[in-house]
2 protein chains.
Amino acid sequence: MFGMEPEVLERFTWYMREHSALTIMFHTKVAEQMGLSATDEKCLDLAIRAEGPLTAGRIAELSGLSTGAVTGVIDRLERAGYVRRVRDPHDRRKVLVEVTPAEFVKFGHLFEKAQASLVEVLSHFDEAELQVIERYLQLQVETFRKRVIDT
Amino acid sequence: MFGMEPEVLERFTWYMREHSALTIMFHTKVAEQMGLSATDEKCLDLAIRAEGPLTAGRIAELSGLSTGAVTGVIDRLERAGYVRRVRDPHDRRKVLVEVTPAEFVKFGHLFEKAQASLVEVLSHFDEAELQVIERYLQLQVETFRKRVIDT
DNA sequence: GGAATTGTCTTAGCGGCTAAGATGTTCGGC
DNA sequence: GCCGAACATCTTAGCCGCTAAGACAATTCC
């Protein structure tokens, strides 16, 4: 690395580490407030962020859980009303997990607050600076994804 | 929020969300490679990031675990060589958890790779841009911490 | 049509977590 | 100094989620 002083890197490393720890804490707390375990919330997040509905098996792959565990996860999520099991009409062995958006209205305040925090942070920057930050976040997510995959 | 278009906020929200999911995955994988559960690794991280050595009770508070669970966590961390139990000489009821840095040499490659990723990302920005990013990270961590505390 | 494959669910067994109580240490009033 | 209350950690019982292995149902390939 060229003109970067070691202390700069050290500071950035510290931010990363701190941010990671906070993320995990936040994740735990959100799950708690939704009446879910961290595992269940993680699987629900996968289902929400996916393009279409996921199958049970795909959730097992993505989450790293066994298929048996995923059965339990979906049971609990379904009982709590967050998702619905739908048999895939094209392959009736498969179980599609459909997220029921209505159920999230209850927790709107959680996400609103999180978004308000984001807005508050971003409001300290002008348009040009926001572009730098966005470029950074884009790169960071992309690079981080590669890093996670081969860890 | 003033001059910010909705799509910009939407994109930033997406980065946050994606970054969170990746962080949790990374955390899980690092723990796995170190032969620890996510819980154990989380507690170890607390002990590492703390100023001085933490007591068992303080780890329970910070992690949100019961004291009984923390006993088990420290047992496993101690057996694996990551920490050492030291009776506090000033108050012999307390157990200080001392991190043994030597044990982390084995996993140096994990952190080196993570740091290399960070350097790779940062190398795409000039000095002025890095300052913007650092200001952003600082604010983000600070604001996020407040958000986590009252969630 | 029958065998092999695929996707999910079921079950047994293990291990970590909580809650409650046991043990050992310190502090405060006398 | 002594005794009881408060405190820090450990121990135990019971519960619950996870893994692994196998059961069951639907599909695919010959």
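Would it be correct to say that B:ARG85 is near DNA strand D (Cβ under 10 Å from one of its atoms), open to solvent by 70 Å² or more (accessible area, probe 1.4 Å) and either free of Cβ contacts under 8 Å to residues at least 12 places away in the same chain or more than 14 Å from chain A (Cβ to nearest Cβ) (or both)?
yes
What are the residues in segment B:125-151 that are closer than 10 Å to A:VAL132 by Cβ and not in a helix (DSSP H, G or I), if any?
B:PHE125, B:ASP126
Pull up segment B:31-40, narrow it to residues that are farther than 10 Å from B:ARG76 by Cβ and more than 10 Å from every other protein chain (Cβ to nearest Cβ), then point me to the one that is farthest from DNA strand C (Cβ to nearest atom). Outline the logic, then answer.
From segment B:31-40, those farther than 10 Å from B:ARG76 by Cβ are B:31-34, B:38; that's our starting set.
Next, only the ones that are more than 10 Å from every other protein chain (Cβ to nearest Cβ) stay: B:31, B:34.
Working: B:ALA31: 11, B:MET34: 14 Å.
The residue in question is B:MET34.
I want to confirm something. Restricting to segment B:119-151 and keeping residues that are facing another protein chain (nearest Cβ under 7 Å) and of a type in the set (Lys, Arg), which single residue is least open to solvent (accessible area, probe 1.4 Å)?
B:ARG147
Have a look at A:THR71, A:THR100 and point out the one that is polar (S, T, N, Q), more than 13 Å from DNA strand D (Cβ to nearest atom) and more than 7 Å from chain B (Cβ to nearest Cβ).
A:THR100
With respect to B:ARG92, is the statement that it is outside the structural domain of B:THR23 (by TED's automatic domain parsing), more than 19 Å from the chain's Cα centre (by Cα), basic (Lys, Arg) and within 16 Å of DNA strand C (Cβ to nearest atom) true?
Criteria met by B:ARG92.
State yes or no: is B:MET16 in a loop (DSSP other than H, G, I, E, B), of a type in the set (A, V, I, L, M) and within 30 Å of A:SER123 (Cβ to Cβ)?
no
Can you tell me which residue among A:ALA47, A:ALA102 is free of Cβ contacts under 8 Å to residues at least 60 places away in the same chain, out of contact with any Cys (no Cβ under 7 Å at 6 or more places or on another chain) and surrounded by fewer than 19 Cβ atoms within 10 Å (Cβ to Cβ)?
Step by step, each of A:ALA47, A:ALA102 is checked, and only A:ALA102 is free of Cβ contacts under 8 Å to residues at least 60 places away in the same chain, out of contact with any Cys (no Cβ under 7 Å at 6 or more places or on another chain) and surrounded by fewer than 19 Cβ atoms within 10 Å (Cβ to Cβ).
The values are calculated or read from the model by the stated rules, or taken from the named source; none is laboratory data. If you're wondering where the values come from, they're calculated on a predicted model, not measured in any experiment. Backbone-built Cβ (ideal geometry, glycine too); neighbour counts: all protein chains shown. To get the accessible areas, we keep the full protein, side chains included, count just its heavy atoms, and leave off ligands, DNA and RNA. Shrake-Rupley method; radii C 1.70, N 1.55, O 1.52, S 1.80 Å.
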